[in-house]
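Have a look at the structure below before the remarks.
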Amino acid sequence: MIAKIILGNSFEGAVRYVFSKERSRYLCGTFGGKTPGEILMEGRVFLDVMETFPWQKNTVFHESISILPGEVLSEEAWRQVAEDHMEYMGFGGSPWVAVRHNDRPHPHMHVVALRMTEEYKVVENVFKSAERAAWHLMKMSLRYGVSAVKTNRIKFLEEHGVTVENSETPEIRI
């Protein structure tokens, strides 16, 4: 598994994008609704609160998680990856949605989250999230039997004896 993370400011744009592909389908999430309209309506409450924090930049977390062409995960496995991964990344109490895409040779899903918890607290440390995501997806790859893609930082850690098998998330300094 490999992730690509984009931080942005348009929740509506990200939600509309992930649902816009011809064969996209809702996987899971913390919103009650399952359609773009329902999700956007629910998200509006959080967006209104976030507007009271004008200094807060990049309020939308958008992550694409992919496996290699030819590899397969069941829908339930994709859901479990999304739920475990969002909890691990610090978004367990935040509004988020995961949507599967089949528009590329590599199977993948998109996860869109607002960087705010249900208690209206800002989710911090997303700027260090790329390596954190890579580390967690290495563990998830082992669990689900799909290929793991190692970033340069993870290769460096392994050269120094820190591996996914023998360690929790290492302290990653960027």
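The values are calculated or read from the model by the stated rules, or taken from the named source; none is laboratory data. All values reported here derive from a predicted model rather than from experimental measurement. Don't worry about glycine lacking a Cβ; one is built from the backbone with ideal geometry, like all the others, and counts go over all protein chains shown. Keep in mind that these areas ignore ligands, DNA and RNA; they rest on the heavy atoms of the full protein, side chains included. Shrake-Rupley method; radii C 1.70, N 1.55, O 1.52, S 1.80 Å.
Of all residues in segment 39-63, those that are modelled with pLDDT under 90 have Cβ atoms under 6 Å from Cβ atoms of residues that are charged (D, E, K, R) and open to solvent by less than 30 Å² (accessible area, probe 1.4 Å), 6 or more apart or on another chain, in Thr59/Arg115.
The single condition among (1) in a loop (DSSP other than H, G, I, E, B); (2) closer than 22 Å to Phe11 by Cβ; (3) modelled with pLDDT of 90 or more that Glu118 does not meet is (3).
Phe11 satisfies every condition listed in (1) closer than 27 Å to Gly145 by Cβ; (2) open to solvent by less than 40 Å² (accessible area, probe 1.4 Å) except (1).
Candidates in segment 90-106 are the residues that are assigned to a loop (DSSP other than H, G, I, E, B) and touching a strand residue (DSSP E or B) at 6+ places or on another chain (Cβ under 7 Å); of these, the one that is most open to solvent (accessible area, probe 1.4 Å) is His106. Within segment 96-133, the set of residues being more than 12 Å from the chain's Cα centre (by Cα) and under 22 Å from Leu47 (Cα atoms) comprises Met116, Thr117, Glu118, Glu119, Tyr120, Lys121, Val122, Val123, Glu124, Asn125, Phe127.
Within segment 14-23, if we keep just the residues that are open to solvent by 30 Å² or more (accessible area, probe 1.4 Å) and of a type outside the set (Phe, Trp, Tyr), the residue that is nearest to Asn102 (Cα to Cα) turns out to be Arg23.
Every residue, every condition in (1) in contact with a helix residue (DSSP H, G or I) (Cβ under 9 Å, 6 or more places away or on another chain); (2) closer than 13 Å to Ser66 by Cβ; (3) not aromatic (Phe, Trp, Tyr), yes or no:
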position: Arg104; (1), (2), (3): no, yes, yes
position: Pro107; (1), (2), (3): yes, yes, yes
position: Val122; (1), (2), (3): yes, no, yes
position: Ala130; (1), (2), (3): yes, no, yes
position: Ala134; (1), (2), (3): yes, yes, yes
position: Leu142; (1), (2), (3): no, no, yes
position: Lys150; (1), (2), (3): yes, no, yes
